[in-house]
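Participant: Supplied in structure tokens, the structure appears directly below.
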Amino acid sequence: LSALSHTLVPQPVTPDLLVSPSSQDGDLGSEGPEDRGNWTGRLDFLLSCIGYCVGLGNVWRFPYRAYTNGGGAFLVPYFIMLAICGIPIFFMELSLGQFSSLGPLAVWKISPLFKGVGMGTILIVSLVAIYYNMIIAYVLFYLFASLTSDLPWQHCGNWWNTDLCLDHHVIKAGNSTLPVNISNTVSPSEEYWSRYVLHIQGSSGIGDPGRIRWNLCLCLLLSWTIVYLCILKGVKSSGKVVYFTATFPYLILVMLLIRGVTLDGAWKGIQFYLTPQFDHLLSSKVWIEAALQIFYSLGVGFGGLLTFASYNTFHQNIYRDTFIVTLGNAITSILAGFAIFSVLGYMSQELGVPVNQVAKAGPGLAFVVYPQAMTMLPLSPFWSFLFFFMLLTLGLDSQFAFMETIVTAVTDEFPYYLRPKKASFSAVICIALFLMGLILTTEGGMYWLVLLDDYSAGFGLMVVVITTCLVVTRVYGMKRFCRDIHMMLGFKPGPYFRACWMVLSPATMMALLVYNIIKYQPSEYGNYRFPTWAEVLGILMGVLSCLMIPMGMVVAVLQEEGTLWERVQQASRPAMDWGPSLEENRTGVYVASLAGSQSPKPLMVHMRKYGGITSYENTAIEVDREMEEEDEEESM
């Protein structure tokens, strides 16, 4: 027994105790990512990324964007923009997160001068998380409403319907005798959405929110509760939930697709969706729309990818994962288009109107058009339940990512105080964001949701991504960044990635930013135009995330010493403890720069301590040799 206790006593805890809480910068390295947590399974990371990227936008934005921008021809700019903007920036974000094992704030040890970029990211993600969960609340509302034998938006004649309401069953019955004029009528599903679910007639505009809709408020509370329970233990719990939420939507999508394609008139919708109009490719708008779709669909710039990658092991093959996720995301969008447009084709045949009169994007598609189409099918409550369950699972894993990003970012800044209390801290953030989202549950809440949707992640997000790209390639240095990736993956990124990072991606995003500013249009919802003060509030939301960057610069410069230029130079260099978080991964230039590590030790000693030469340590020797050669060139 004494021998057993003797072997159990020496715990590797003492070195951690030697590091005092005052050495704030060094604590991350010494605590090590085992405290931070890692993914528990091989597929956790991949499925989390797929779940995060494949969201509501794939179903309600992509099909509509494709059909309005040249049908099948839209796939040409879509895939070109995926190659120029999507894949390279996706890979850059994953590399930054995995290399440093830090969240979107602490990762700016790479160049402390630009820490404001991380603050801007957190602000954007927080605003998006507020309204994204409200959309999930609407989905829950419809999910519960589908649990009946007769869908509540099937017929007119309810208390919320007006005289303009026209039931499609009536149209069908009267089709042979009277040509019905649909233009001045409203479908029952549209009145159900606007007059019953939103009760928007109780508000005169954004300045008059009206009363809280308690049923929506409870749905919002439920959606925040679900999100909290799933991120309770960080990536250990959310990494398991995504096995369901990332895969199940595909099963439902295939079911909806098979059901859609077997309906009468389905080919009409699909023809509409895919007929290529190549003349559209000459318009700049189509290319911009393709880039925007890629940008928002992959979720670059929100910090979610960086956060997820930071929980990986150091040598995880993120190069392969990048292609799996980005191409999988694109294929899902195209598939969703078939599922949506086959049903729209059937619907247009039933109503006797052209497809373009029934096609809509955004909430209008999910909560008005598709539910109306469901009422025309046999077993309509079943199909309606399936559709909304798919939207729920699509939305939830994107919301997990937003929350994980905020929690990780802040706990990585204060690991001593917050990491042990991560569950309580997550609860505080969920409650705060729920309270901020209460205005979205009022009768005029939809106006606020549109405002948040239009401005929270508009130009602010693009500025964040452009800055990140420029800092990594210009300030930190392309050579250094490629060397880091070499150290991590065993090979350097090829000329395609380097060309995109240096020139193509930032240039494309600059063009996007300029286009967005030039083509700026005030927000509107239906026929309602937003007042000037609401526009200003929206623009301030976007500008505030950009202002974080200069504010962060001022703070970083004030913390340094010397003349202004010296301070700027010092603040733009990587922090002393920048690099891999585990000491066995710190080779070459990163050896022994961790707090609490021994005096600088040569690579061979380092390898003797951590075992024989592996392929990665071969890489480390190569990296060291390259660095020596570079130093010699510079000295000459």
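Participant: Going through segment 479-524 one residue at a time, which ones are open to solvent by less than 60 Å² (accessible area, probe 1.4 Å) and under 30 Å from residue 446 (Cβ atoms)?
Facilitator: Here is the first cut: in segment 479-524, the residues open to solvent by less than 60 Å² (accessible area, probe 1.4 Å) are 481-490, 493-494, 497, 499-501, 505-509, 511-513, 515-516, 523.
Passing the criteria: 512, 513, 515, 516, 523.
Participant: I'd like to check something: does segment 151-170 contain any residue that is modelled with pLDDT under 90, in a helix (DSSP H, G or I) and touching a helix residue (DSSP H, G or I) at 6+ places or on another chain (Cβ under 9 Å)?
Facilitator: yes
Participant: Exactly one condition in (1) crowded, with 24+ Cβ neighbours inside 10 Å; (2) over 26 Å from residue 395 (Cβ atoms); (3) within 19 Å of the chain's Cα centre (by Cα) is not met by residue 108; state its number.
Facilitator: (3)
Participant: Next question. What are the pairs with Cβ atoms under 8 angstrom where one residue, in segment 314-330, is among the hydrophobic types (A, V, I, L, M, F, W, C) and the other, located anywhere, is crowded, with 17+ Cβ neighbours inside 10 Å and assigned to a loop (DSSP other than H, G, I, E, B)? Sequence gap at least six, or different chains.
Facilitator: Note: pairs meeting the criteria are 314/101; 314/580; 318/312.
Participant: Can you name the condition, by its number, that residue 35 falls short on among (1) surrounded by 15 or more Cβ atoms within 10 Å (Cβ to Cβ); (2) at pLDDT 50 or above; (3) outside the structural domain of residue 364 (by the TED database); (4) among the charged types (D, E, K, R)?
Facilitator: The failed condition is (1).
Participant: I'm trying to understand the selection: among the residues of segment 188-234, which are of a type in the set (S, T, N, Q), open to solvent by less than 20 Å² (accessible area, probe 1.4 Å) and outside any helix (DSSP H, G or I)?
Facilitator: 203
Participant: Right, here's the next one. Might you let me know whether segment 237-255 holds any residue that is among the basic types (Lys, Arg) and within 26 Å of residue 433 (Cβ to Cβ)?
Facilitator: Yes.
Participant: Determine whether residue 149 is in contact (Cβ under 8 Å) with a residue 12 or more places away in the chain, among the hydroxyl-bearing types (Ser, Thr, Tyr), in the same structural domain as residue 473 (by the TED database) and touching a Lys or Arg at 6+ places or on another chain (Cβ under 8 Å).
Facilitator: No.
Participant: A further question follows. Could you check how many residues of segment 396-410 are surrounded by fewer than 23 Cβ atoms within 10 Å (Cβ to Cβ) and in contact with a Leu (Cβ under 7 Å, 6 or more places away or on another chain)?
Facilitator: Going through segment 396-410, the residues surrounded by fewer than 23 Cβ atoms within 10 Å (Cβ to Cβ) turn out to be 407, 410.
Still in the list and also in contact with a Leu (Cβ under 7 Å, 6 or more places away or on another chain): 410.
So the answer is 1.
Participant: Please identify the pairs in which a residue from segment 478-491 that is farther than 12 Å from residue 317 by Cα has its Cβ atom under 6 Å from the Cβ atom of a residue that is charged (D, E, K, R) and at pLDDT below 95, counting only partners at least 6 apart or on another chain.
Facilitator: From segment 478-491, the pairs are 482/492.
Participant: Which residue out of 86, 103 is farther than 21 Å from residue 476 by Cα and in contact (Cβ under 8 Å) with a residue 12 or more places away in the chain? Spell out how you get there, then give the answer.
Facilitator: Details: 103 fails: farther than 21 Å from residue 476 by Cα.
The match here is 86.
Yes/no per residue for (1) in the same structural domain as residue 305 (by the TED database); (2) assigned to a helix (DSSP H, G or I); (3) more than 25 Å from the chain's Cα centre (by Cα):
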| position | (1), (2), (3) |
| --- | --- |
| 470 | yes, yes, no |
| 473 | yes, yes, no |
| 477 | yes, yes, yes |
| 480 | yes, yes, yes |
| 488 | yes, yes, no |
| 493 | yes, no, no |
| 505 | yes, yes, no |
| 509 | yes, yes, no |
| 534 | yes, yes, yes |
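Participant: Could you tell me which residue of segment 438-472 is modelled with the highest pLDDT, considering only residues that are of a type in the set (S, T, N, Q) and open to solvent by less than 10 Å² (accessible area, probe 1.4 Å)?
Facilitator: 441
Participant: Can I ask one more? State which residue pairs qualify: first residue hydrophobic (A, V, I, L, M, F, W, C) and inside segment 50-68, second residue part of a loop (DSSP other than H, G, I, E, B) and open to solvent by less than 10 Å² (accessible area, probe 1.4 Å) in any location, beta carbons under 6 Å apart, and separation of 6 or more residues or different chains.
Facilitator: 50/246; 53/299; 60/362
Participant: Taking residue 51, is it modelled with pLDDT of 50 or more, closer than 26 Å to residue 405 by Cβ, open to solvent by less than 60 Å² (accessible area, probe 1.4 Å) and outside any helix (DSSP H, G or I)?
Facilitator: Working: modelled with pLDDT of 50 or more: yes; closer than 26 Å to residue 405 by Cβ: yes; open to solvent by less than 60 Å² (accessible area, probe 1.4 Å): yes; outside any helix (DSSP H, G or I): no.
In short, no.
Participant: Residue by residue through segment 283-299, note down the ones that are under 17 Å from residue 463 (Cβ atoms) and assigned to a loop (DSSP other than H, G, I, E, B).
Facilitator: Once the filter is applied, which keeps residues that are under 17 Å from residue 463 (Cβ atoms) and assigned to a loop (DSSP other than H, G, I, E, B), segment 283-299 yields only 299.
Participant: Can you tell which of 521, 559 is at pLDDT below 90 and either of a type in the set (Asp, Glu) or in the same structural domain as residue 200 (by the TED database) (or both)?
Facilitator: Result of the check over 521, 559: 521.
Participant: Give the residues of segment 276-328 that are more than 19 Å from residue 88 (Cα to Cα), open to solvent by 60 Å² or more (accessible area, probe 1.4 Å) and of a type in the set (A, V, I, L, M, F, W, C), sorted by residue number.
Facilitator: 278, 282
Participant: Against the definition (closer than 30 Å to residue 196 by Cα, at pLDDT 90 or above and aliphatic (A, V, I, L, M)), how does residue 403 come out, yes or no?
Facilitator: Judged against the criteria, residue 403 is not a match.
Participant: On to the next question. Confirm whether residue 420 is assigned by the TED database to the domain that holds residue 253, open to solvent by 10 Å² or more (accessible area, probe 1.4 Å) and not in a helix (DSSP H, G or I).
Facilitator: Taking the combined requirement at face value, the residue does not satisfy it.
Participant: Suppose we filter 130, 89 for residues that are over 30 Å from residue 314 (Cβ atoms) and part of a helix (DSSP H, G or I); which single one remains?
Facilitator: 130
Participant: Working carefully through the options 580, 602, 574, 550, find the one that is surrounded by fewer than 15 Cβ atoms within 10 Å (Cβ to Cβ) and either at pLDDT 65 or above or touching a helix residue (DSSP H, G or I) at 6+ places or on another chain (Cβ under 9 Å) (or both). Full working, then the answer.
Facilitator: Numbers: 580 fails: surrounded by fewer than 15 Cβ atoms within 10 Å (Cβ to Cβ); 602 fails: either at pLDDT 65 or above or touching a helix residue (DSSP H, G or I) at 6+ places or on another chain (Cβ under 9 Å) (or both); 574 fails: surrounded by fewer than 15 Cβ atoms within 10 Å (Cβ to Cβ).
Checking each option against the conditions leaves just 550.
The values are calculated or read from the model by the stated rules, or taken from the named source; none is laboratory data. Bear in mind the structure is a predicted one, so any value in this text is a computation, not a measurement. Positions of Cβ are backbone-derived with ideal geometry, glycine not excepted, and every protein chain shown enters the neighbour counts. Surface areas here come from the heavy atoms of the whole protein model, side chains and all, with no ligands, DNA or RNA. Shrake-Rupley method; radii C 1.70, N 1.55, O 1.52, S 1.80 Å.
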